[in-house]
Structures are given as C-alpha cells and as structure tokens.
Amino acid sequence: MPYQITRKHEIHCGHRVCGHEGKCRNLHGHAYVIHFTCEADSLDDLERVIDFGVIKSLLCQWLEDTWDHRMLIWEEDPMLDALRGIDPSVVAVPFNPTAENIAAHLVSRVGPDLLAGTLVRLVRVQVDETSKCSAAYHV
C-alpha cells in the first residue's frame, strides 16, 4: 500500500464564478488553504515519502508565484479583457475557477509537471475557500 503525506499552504486571491446564480458571480476573494497530498510506493533512504521542504519549494512556491494575490478569471469569462485592461496581473485560467476546478487543475496539470523527476505523485488536493466550505479532487 502506498504512503501519503499532506502539506497545506495558504494563499490569498480573487475570482468569480461565471454563471453562478448567487453572490459568487461577483468579483470576490478568499484566503484559500490548499492541502497537497502526495503519494509514493515506497519510502526514501531516510524513511520519508519526500521531504516536506520539497513540497514547499515546488507546489507551495508555484502557488505563491502564480496565483497568490492575483485574480483568477476563466479564459472564457466575458469580463477577462476588461479586467486585464485594469490590472495586467489578472490570471486567465482554462476553467471556471470553482474550488472543485482549482483542485482538479492542481492534481491533473500542475502536480505532474512540478513533481516530474521525483518518486512521488500528487494524488489529492483539497481547496478550503472558508473554514466551512471546501472541495477536493483525487486520482
């Protein structure tokens, strides 16, 4: 049976859910807590899945560099061009930025790229939008 470790990281960013029937259709932000769960079939020479610092320097740093203190807007959102005209740091993402889609993107796209060359794989991401609401995606 594989071994798993989880590291969490907090970022602050904004989004809007295009087509949402309630308040989330408006621009707003969250103090997201992202839980990265990595898995390995065996432990390394020091009896670890991987050093937690490697997860920090790869996955957590990617969040800091790419999404922290930015606005995530779906590339098909009709507001994208206007928002980029106001703030060029707006990040266009290839999905409607729900917590579910953020988790899936991190597991299926970001994790495999960043963890290539290691013996671990990102198998689950939980995205906490608030202390009461979260979504997860796993393989």
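Model label sites at PHE52 and SER89, defined 7 Å from Cα along the beta-carbon direction, differ in position by 2.9 nm. Looking only at ILE34, ILE11, ILE73, which one moves most when the chain is put into a Gaussian network model with springs between Cα atoms under 10 Å? Taking springs between Cα atoms under 10 Å, the residue moving most is ILE11. Label separation (ASN26 vs LYS132): 1.7 nm, computed from points 7 Å beyond Cα along the C-beta direction.
Other residues within the sphere of radius under 9 Å centred on the Cβ of LEU119, judged by their own Cβ, net out at -1 (K and R +1, D and E -1). Using the 1.4 Å probe convention, the accessible area of the chain works out to 56 Å² per residue with neighbouring protein chains retained. Name the most mobile residue of VAL91, VAL54, VAL120, meaning the one with the largest mean-square fluctuation, in a Gaussian network model of the chain with Cα contacts below 10 Å. In this elastic network of the chain, the residue with the biggest mean-square fluctuation among VAL91, VAL54, VAL120 is VAL54. Kirkwood radius, the chain, all distinct C-alpha pairs, inverse of mean reciprocal distance: 15.8 Å. One decimal place: the segment VAL33-LYS8 gains 8.3 nm when fully extended, by the rule 0.36 nm per residue minus the C-alpha distance.
Of the trypsin sites (Lys or Arg not before Pro) found in the range 74-139, those that fall in a DSSP loop while having at most 10 other beta-carbon atoms within 10 Å are LYS132. Restricting the range 12-85 to GluC sites (Glu not before Pro) that sit in a DSSP loop and have at most 14 other Cβ atoms within 10 Å of their own Cβ leaves GLU21, GLU47, GLU75, GLU76. Is the shape of the range 53-125 rounded, prolate or oblate, going by the alpha carbon gyration tensor and its root eigenvalues a ≥ b ≥ c, with a/c under 1.5 for rounded and a/b larger than b/c for prolate? It is prolate, given that a/c is not under 1.5 and a/b is the larger ratio.
A straight Cα-to-Cα reach below 20 Å connects LYS56 with the lysines LYS8, residues fewer than 8 places away in its own chain not being considered. Per residue of the chain, the DSSP helices (runs of n ≥ 4 H) give a summed -39500 (n - 2.57) that works out to -4500 deg cm²/dmol at 222 nm. So, with a 1.4 angstrom probe, what is the percent of accessible area on the range 1-81 that is carbon and sulfur? Within the range 1-81, the accessible surface is 50 percent carbon and sulfur.
The values are calculated or read from the model by the stated rules, or taken from the named source; none is laboratory data. Note that the structure is predicted; figures quoted are calculated from it, not measured. Neighbour counts are summed over all protein chains in view; Cβ atoms, including those assigned to glycine, are modelled from backbone coordinates with ideal geometry. We work out accessible area using only protein heavy atoms, side chains counted, and drop any ligands, DNA or RNA first. Shrake-Rupley method; radii C 1.70, N 1.55, O 1.52, S 1.80 Å.
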